[in-house]
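Step one of this worksheet: look at the structure below.
The values are calculated or read from the model by the stated rules, or taken from the named source; none is laboratory data. Because the structure is predicted, anything quoted here is derived from the model rather than measured. All Cβ positions, glycine included, derive from the backbone under ideal geometry; neighbour counts span all protein chains shown.
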Amino acid sequence: MSGKIRVGVIGTGMMGYEHINNLKLMPEVEITALADPTDHMLGLGKSMLGPAGSNVATFSTGEALLDANLVDAVVIASPNFTHHDVLQPVFKKGVHVLCEKPLCTTPEDAARIRDQAASHSGVFWVGMEYRFMPPATEFVTRVHRGDVGRLVMVSIREHRFPFLQKVNDWNRFSANTGGTMVEKCCHFFDLMRHIIQSEPTRVYCSGNMDVNHQDERYDGRKPDIIDNSFTVVDFANGTRAMLDLCMFAEGAEHQEEISATGDKARLDVLIPPGDMVMSPRVGFRNPKQVTRETIPVDPVALEAGSHFGATYYQQRAWIDAILTGAPVQVTAQDGLQAVRMGAAAELSAATGRAIDMAEIAGG
Ligand SMILES: NC(=O)c1ccc[n+]([C@@H]2O[C@H](COP(=O)([O-])OP(=O)(O)OC[C@H]3O[C@@H](n4cnc5c(N)ncnc54)[C@H](O)[C@@H]3O)[C@@H](O)[C@H]2O)c1
């Protein structure tokens, strides 16, 4: 590709801004177009570009942006329930795409996109930022190289703040998001598959909306999104994983705690601050040999978003894939599997049953 990659951002809300902020740091990129149906948000997106904003073309839909032939690539950061339709003109044009998670709100839609992506001429990449937080990336590398021995258990805890307010409050209802286990937890289900390198076979989830959003009403309707849950996932290779989610625990020291335990050691990563803690087995009553180090994150990347530098490193990898043909690290199949696991967890929480993954469409 000669010259800069011309990138358009579709959806200039909170995550769109974070993408714009990070794209500005990529020397090979020029942001040429923005699309958003909400004038106010489009204006804010434009203003984030500073003086360069006066040259950027703006559109009210992704389709109009693509029809203008001003881009080689797009980032899709519109609400979850729009991803399926926003992607259709992207497939027609064949431009490179980074589509924010979750790929879609239902396994059926995500499977359709996976099939379309199979013959897409551009790079198709699903936004799974958590893989790209440097401490998480390093954690996965160490597990894969055998630091814990034969991996047996993976545990992920996210204890954080409640869902933020979104444009037109789309994130208050499962029909728009896929439900919390899809919307938020697709990240962690993707991480489980990435760490374990196997496919899920069964999911059991106990969860409910017990604390947040109780007094909120939208056109008279109360939100219906889980705010706390425990989920257990069995994998085909025998590894088991657990997700502990709480969305009313913003006071917790670490937002994410990920542990991998094998037959030789346990490895933990704690974010923030990005500490890696290694605890080898030492036998009963012997002195422990715990070591702790902090994995550094480029302060520029940290500053450019609210995901511990992840958006920067993910964009870097996406752009490298566009420029060099480097392998896509988060494929449409990965995006589909994360949605399927989330849908299984939602179904499990609603019915009280353990869900066989074969029950979920798209397998
Ligand atoms: N990877 C992450 O960690 C992460 C974090 C936050 C959000 N997200 C994802 O990013 C996406 C956007 O979330 P957000 O928090 O920015 O929401 P938001 O409500 O702040 O912004 C969404 C924007 O999309 C616009 N929009 C609505 N319909 C559109 C359409 N059909 N085409 C183009 N734009 C449209 C809205 O006007 C709004 O400006 C969601 O899919 C969300 O799940 C990912």
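Give just the number: which of (1) over 30 Å from Ala260 (Cα atoms); (2) surrounded by fewer than 23 Cβ atoms within 10 Å (Cβ to Cβ); (3) within 18 Å of the chain's Cα centre (by Cα) does Arg131 not satisfy?
The single condition Arg131 does not satisfy is (1).
Just need a number here: residues in segment 64-80 that are surrounded by 18 or more Cβ atoms within 10 Å (Cβ to Cβ) and either modelled with pLDDT under 95 or assigned to a helix (DSSP H, G or I) (or both).
3
Could you look through segment 154-174, keep only residues that are near the ligand (Cβ under 8 Å from one of its atoms) and not in a loop (DSSP other than H, G, I, E, B), and pick out the one that is nearest to Asp227 (Cα to Cα)?
The residue in question is Asn171.
Can you tell which of Thr141, Thr177 is at pLDDT 95 or above and surrounded by 20 or more Cβ atoms within 10 Å (Cβ to Cβ)?
Thr177
Just give me the residues in segment 79-91 being within 11 Å of the ligand (Cβ to nearest atom) and farther than 10 Å from Gly62 by Cα, in sequence order.
Pro79, Asn80, Phe81, Thr82, His83, His84
Which condition number in (1) surrounded by 17 or more Cβ atoms within 10 Å (Cβ to Cβ); (2) closer than 29 Å to His96 by Cα; (3) within 21 Å of the chain's Cα centre (by Cα) is the one that Glu158 fails?
For Glu158, the exception is condition (2).
Tell me the residue from Val269, Val290, Val203, Val232 that is surrounded by fewer than 16 Cβ atoms within 10 Å (Cβ to Cβ) and out of contact with any His (no Cβ under 8 Å at 6 or more places or on another chain), please.
Values: Val269 fails: surrounded by fewer than 16 Cβ atoms within 10 Å (Cβ to Cβ); Val203 fails: surrounded by fewer than 16 Cβ atoms within 10 Å (Cβ to Cβ); Val232 fails: surrounded by fewer than 16 Cβ atoms within 10 Å (Cβ to Cβ).
Selected residue: Val290, the only one of Val269, Val290, Val203, Val232 that is surrounded by fewer than 16 Cβ atoms within 10 Å (Cβ to Cβ) and out of contact with any His (no Cβ under 8 Å at 6 or more places or on another chain).
Would you confirm whether any residue within segment 68-78 is out of contact with any strand residue (DSSP E or B) (no Cβ under 7 Å at 6 or more places or on another chain), more than 9 Å from the ligand (Cβ to nearest atom) and without any contact (Cβ under 8 Å) to a residue 40 or more places away in the chain?
Yes - at least one qualifying residue is present in segment 68-78.
Can you find, within segment 323-349, the residue that is farthest from Ser119 (Cα to Cα) among those that are over 20 Å from the mean Cα position of the chain (by Cα) and part of a helix (DSSP H, G or I)?
Ala349
Given Gly94, Gly62, which one is farther than 30 Å from Pro299 by Cα and more than 11 Å from the ligand (Cβ to nearest atom)?
After ruling out the rest, the residue left standing is Gly94.
Scan segment 81-98 for residues that are in contact (Cβ under 8 Å) with a residue 40 or more places away in the chain and outside any helix (DSSP H, G or I) and jot them down. Let's see the steps before the verdict.
To start, the set of residues in segment 81-98 that are in contact (Cβ under 8 Å) with a residue 40 or more places away in the chain comprises 81-82, 86, 96, 98.
Passing the criteria: His96, Leu98.
Going residue by residue through segment 339-359, is there one that turns out to be aliphatic (A, V, I, L, M), under 23 Å from Leu23 (Cβ atoms) and either in contact with a helix residue (DSSP H, G or I) (Cβ under 9 Å, 6 or more places away or on another chain) or buried (at least 21 other Cβ atoms within 10 Å of the Cβ) (or both)?
Taking every residue of segment 339-359 in turn, none turns out to be aliphatic (A, V, I, L, M), under 23 Å from Leu23 (Cβ atoms) and either in contact with a helix residue (DSSP H, G or I) (Cβ under 9 Å, 6 or more places away or on another chain) or buried (at least 21 other Cβ atoms within 10 Å of the Cβ) (or both).
Residues of segment 1-38 being among the charged types (D, E, K, R) and under 25 Å from Asn171 (Cβ atoms), which ones?
Glu18, Asp36
Identify, from the list Val233, Val211, the residue that is touching a residue at least 60 places away in the same chain (Cβ under 8 Å) and not hydroxyl-bearing (Ser, Thr, Tyr).
Within the list Val233, Val211, the selection yields Val233.
Inside segment 26-62, can you point out the residues that are part of a loop (DSSP other than H, G, I, E, B) and crowded, with 16+ Cβ neighbours inside 10 Å?
The answer is Met26, Asp36, Met48, Leu49, Val56, Thr61.
When you go through (1) within 15 Å of the ligand (Cβ to nearest atom); (2) surrounded by fewer than 19 Cβ atoms within 10 Å (Cβ to Cβ) one by one for Ala118, which number turns out not to apply?
With respect to (1) within 15 Å of the ligand (Cβ to nearest atom); (2) surrounded by fewer than 19 Cβ atoms within 10 Å (Cβ to Cβ), Ala118 is out only on (1).
Any idea which of Asp219, Asp224, Asp215 is closer than 30 Å to Ala358 by Cβ, out of contact with any Asp or Glu (no Cβ under 9 Å at 6 or more places or on another chain) and of a type outside the set (Val, Ile, Thr)? I'd like the intermediate steps shown before the answer.
On the way: Asp219 fails: closer than 30 Å to Ala358 by Cβ; Asp215 fails: closer than 30 Å to Ala358 by Cβ.
Exactly one residue qualifies, and that residue is Asp224.
Find the residue count for segment 189-238, including only residues that are more than 24 Å from Arg160 (Cα to Cα) and in a helix (DSSP H, G or I).
Summing the residues that are more than 24 Å from Arg160 (Cα to Cα) and in a helix (DSSP H, G or I) in segment 189-238 gives 1.
Kindly indicate whether any position in segment 99-114 is more than 10 Å from the ligand (Cβ to nearest atom), in contact with a Pro (Cβ under 9 Å, 6 or more places away or on another chain) and in a helix (DSSP H, G or I).
yes
State yes or no: is Val148 crowded, with 19+ Cβ neighbours inside 10 Å, modelled with pLDDT of 95 or more and in a strand (DSSP E or B)?
no
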